[in-house]
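The values are calculated or read from the model by the stated rules, or taken from the named source; none is laboratory data. None of the values given here were measured: they were computed from a predicted structure. Using ideal geometry, Cβ is built from the backbone for each residue, glycine included, and neighbour counts are taken over all protein chains shown.
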Amino acid sequence: MSAAETFATALDALREELREELRAELREAVAELREAESWPAYLSVPEVARYLGVTEERVRKLLASGKLARVQEARGHRVLVARDDLDALARSWRRTA
């Protein structure tokens with residue numbers, strides 16, 4: 001096999017590897033979008049913890065620090081957080097990580 005043929009074969013293999021990686025990333029992105037669509041617009045503290053993959057204590061600290069905005073009908077009522085706010089917070093975590 002000539003050097004040109006070896007190079008062409010290696011290039012084809014690399015292209016196929018890149019295609020497979022892109023397909024896997026696209027499948028993951030689509031799965032994340034579908035999962036996000038199944039969550040309600042407003043989530044309770046336990047739901048926020050599951051959504052972000054953190055503890056409820058961490059969620060309460062985020063609320064207390066003002067990093068997450070709360071929605072509460074009246075003092076003593078259930079605390080809710082907008083999913084859009086959670087997505088924005090998660091995006092900010094990705095940029096700083």
In region 63-79, residue surrounded by the most Cβ atoms within 10 Å (Cβ to Cβ) [restricted to those that are of a type in the set (A, V, I, L, M, F, W, C) and within 20 Å of Ser92 (Cα to Cα)]: Leu68
Pick from region 62-86, criterion touching a Phe, Trp or Tyr at 6+ places or on another chain (Cβ under 9 Å) and part of a helix (DSSP H, G or I), ranking: farthest from Ser44 (Cα to Cα): Leu86
Any chance Arg60 is surrounded by 10 or more Cβ atoms within 10 Å (Cβ to Cβ), closer than 23 Å to Arg94 by Cβ and under 17 Å from the mean Cα position of the chain (by Cα): no
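This table checks each residue for (1) small (Gly, Ala, Ser); (2) more than 22 Å from Ala88 (Cα to Cα); (3) assigned to a loop (DSSP other than H, G, I, E, B).
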site: Phe7; (1), (2), (3): no, yes, no
site: Leu18; (1), (2), (3): no, yes, no
site: Ala24; (1), (2), (3): yes, yes, no
site: Ala49; (1), (2), (3): yes, no, no
site: Val54; (1), (2), (3): no, no, yes
Extreme residue, surrounded by the most Cβ atoms within 10 Å (Cβ to Cβ), among residues of region 8-49 that are at pLDDT 90 or above and touching a Phe, Trp or Tyr at 6+ places or on another chain (Cβ under 9 Å): Leu43
